[in-house]
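Peer 1: Could you have a look at this structure, given as structure tokens, before my questions?
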Amino acid sequence: MFRNQKGFTLVELLVVLALSGIVTAAIYKSFTGQQQVYIAQDQVAAMQQDVRASLEVMVKEIRMAGYDPQGTADASITAATSSSIQFTVDQNGNGVLISPGPPADNDPNEDITYSLKPESDPDGDGVATVFPSELRRASWGAPQPLAEEVEVLNFVYLDENDAVIPTPIAAAADLERIRSVQICMVLRADKADKNFRNTSTYSNLQGTVLLNSPNDGYRRRLLTTTVKCRNVGI
């Protein structure tokens, strides 16, 4: 009686196992692919969120460069290169950048510099070569980290006719010509994606190439903006 009952043959079992393996492999490949995409998007989103907040701070402060309500503090843009900017602002409106004391002291947040961390950008060209990189804000020379993974920091200065003023700007008369500042930043993810190859070229608003086809696995984003300096040339 048992010999007459039908069941699965060995060939049928092998076929089922093979098909199950193919389906499982396809599901696993799809899952890992979706996971890699999610991780990459999450890294880029976090990177952009952090740096956009930092860019807003930078734009707000550069817009106030030269703020001098009493006309006695001599606030102005004091140094301007393609990779950094330094300016003074009479934040508290007391007419001086040094508090009268006694004892005399620097008024806080009235002398500001933006640049990359020197250890990240040893040649000072605004392109980081040592990572992790860092955008810094310094007040009276005391640097504080503002954003991480900023690979490129670039400034372009325009006069009242929107003509570019060549950098570095050393002469006081040329610093006084600045009416607008173009900011360009290239952000780099902190981890490489083995399934991605970055061959993009990154340029500022003037079309100058800042980073040419890095040809690596790091995802990057370009942020640019133009700041009108309201308090210079008054």
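The values are calculated or read from the model by the stated rules, or taken from the named source; none is laboratory data. Because the structure is a prediction, the values reported are computed rather than measured. Glycine gets a Cβ as well: all are built from the backbone with ideal geometry, and neighbour counts include every protein chain shown.
Peer 1: Checking the conditions here, which among 174, 159, 125, 107 is within 25 Å of residue 70 (Cβ to Cβ) and acidic (Asp, Glu)?
Peer 2: Values: 174 fails: within 25 Å of residue 70 (Cβ to Cβ); 159 fails: within 25 Å of residue 70 (Cβ to Cβ); 125 fails: within 25 Å of residue 70 (Cβ to Cβ).
Being within 25 Å of residue 70 (Cβ to Cβ) and acidic (Asp, Glu) holds for just one of 174, 159, 125, 107, which is 107.
Peer 1: While we're here: Is one or more of the residues making up the range 88-109 under 21 Å from residue 180 (Cα atoms), in contact with a strand residue (DSSP E or B) (Cβ under 9 Å, 6 or more places away or on another chain), at pLDDT 95 or above and not in a loop (DSSP other than H, G, I, E, B)?
Peer 2: yes
Peer 1: Here are some residues: 217, 207, 126, 141. Which one is crowded, with 18+ Cβ neighbours inside 10 Å and either of a type outside the set (D, E, K, R) or closer than 30 Å to residue 105 by Cβ (or both)? Can you show your working first?
Peer 2: On the way: 217 fails: crowded, with 18+ Cβ neighbours inside 10 Å; 207 fails: crowded, with 18+ Cβ neighbours inside 10 Å; 141 fails: crowded, with 18+ Cβ neighbours inside 10 Å.
Testing whether each residue is crowded, with 18+ Cβ neighbours inside 10 Å and either of a type outside the set (D, E, K, R) or closer than 30 Å to residue 105 by Cβ (or both) leaves just 126.
Peer 1: Given (1) charged (D, E, K, R); (2) within 18 Å of the chain's Cα centre (by Cα); (3) surrounded by fewer than 14 Cβ atoms within 10 Å (Cβ to Cβ), identify the lone condition not met by residue 228.
Peer 2: Exception for residue 228: condition (2).
Peer 1: With respect to residue 113, is the statement that it is within 22 Å of the chain's Cα centre (by Cα), outside any strand (DSSP E or B) and at pLDDT 95 or above true?
Peer 2: Details: within 22 Å of the chain's Cα centre (by Cα): yes; outside any strand (DSSP E or B): no; at pLDDT 95 or above: yes.
Against the criterion (within 22 Å of the chain's Cα centre (by Cα), outside any strand (DSSP E or B) and at pLDDT 95 or above), residue 113 does not qualify.
Peer 1: Now for a different question. For residues that are crowded, with 17+ Cβ neighbours inside 10 Å and within 11 Å of residue 221 (Cα to Cα), scanning just the range 44-61, find the one that is modelled with the lowest pLDDT.
Peer 2: Checked the range 44-61; the qualifying residue modelled with the lowest pLDDT is 47.
Peer 1: Within the range 143-155, which residues are farther than 14 Å from residue 87 by Cα and part of a strand (DSSP E or B)?
Peer 2: Across the range 143-155, the qualifying residues are 143, 144, 145, 146, 147, 148, 150, 151, 152, 153, 154.
Peer 1: Now a separate question. Residue 159: at pLDDT below 95 and either of a type in the set (D, E, K, R) or surrounded by 16 or more Cβ atoms within 10 Å (Cβ to Cβ) (or both), yes or no?
Peer 2: Values: at pLDDT below 95: no; either of a type in the set (D, E, K, R) or surrounded by 16 or more Cβ atoms within 10 Å (Cβ to Cβ) (or both): yes.
Here the answer is no, as residue 159 does not meet what is asked.
Peer 1: Within the range 62-87, can you find the residues that are hydrophobic (A, V, I, L, M, F, W, C) and in a helix (DSSP H, G or I)?
Peer 2: The answer is 62, and nothing else.
Peer 1: Go through the range 187-234 residue by residue and tally those that are farther than 20 Å from residue 167 by Cα and in contact (Cβ under 8 Å) with a residue 12 or more places away in the chain.
Peer 2: Adding up the residues that qualify gives 29.
Peer 1: Looking at the range 177-207 only, could you name the residues that are touching a strand residue (DSSP E or B) at 6+ places or on another chain (Cβ under 8 Å) and among the basic types (Lys, Arg)?
Peer 2: If the condition is that a residue be touching a strand residue (DSSP E or B) at 6+ places or on another chain (Cβ under 8 Å) and among the basic types (Lys, Arg), then 177, 179, 188, 197 are the ones that fit.
Peer 1: A follow-up question, please. Suppose the filter is surrounded by 15 or more Cβ atoms within 10 Å (Cβ to Cβ), within 21 Å of residue 142 (Cβ to Cβ) and out of contact with any helix residue (DSSP H, G or I) (no Cβ under 6 Å at 6 or more places or on another chain); does residue 105 pass it?
Peer 2: No; evaluated as a whole, the condition is false for this residue.
Peer 1: Give just the number: which of (1) more than 21 Å from residue 165 (Cβ to Cβ); (2) in a loop (DSSP other than H, G, I, E, B) does residue 137 not satisfy?
Peer 2: Only one criterion in (1) more than 21 Å from residue 165 (Cβ to Cβ); (2) in a loop (DSSP other than H, G, I, E, B) is unmet by residue 137, namely (2).
Peer 1: Against the condition surrounded by 14 or more Cβ atoms within 10 Å (Cβ to Cβ) and in contact with a Ser or Thr (Cβ under 6 Å, 6 or more places away or on another chain), how does residue 189 come out, does it pass?
Peer 2: no
Peer 1: Among the residues of the range 117-131, is any outside any loop (DSSP other than H, G, I, E, B), of a type in the set (A, V, I, L, M) and touching a helix residue (DSSP H, G or I) at 6+ places or on another chain (Cβ under 8 Å)?
Peer 2: Let us first name the residues in the range 117-131 that are outside any loop (DSSP other than H, G, I, E, B), namely 127.
If we keep only those that are of a type in the set (A, V, I, L, M) too, we end up with 127.
Next, only the ones that are touching a helix residue (DSSP H, G or I) at 6+ places or on another chain (Cβ under 8 Å) stay: none.
Looking through the range 117-131, none of the residues is outside any loop (DSSP other than H, G, I, E, B), of a type in the set (A, V, I, L, M) and touching a helix residue (DSSP H, G or I) at 6+ places or on another chain (Cβ under 8 Å).
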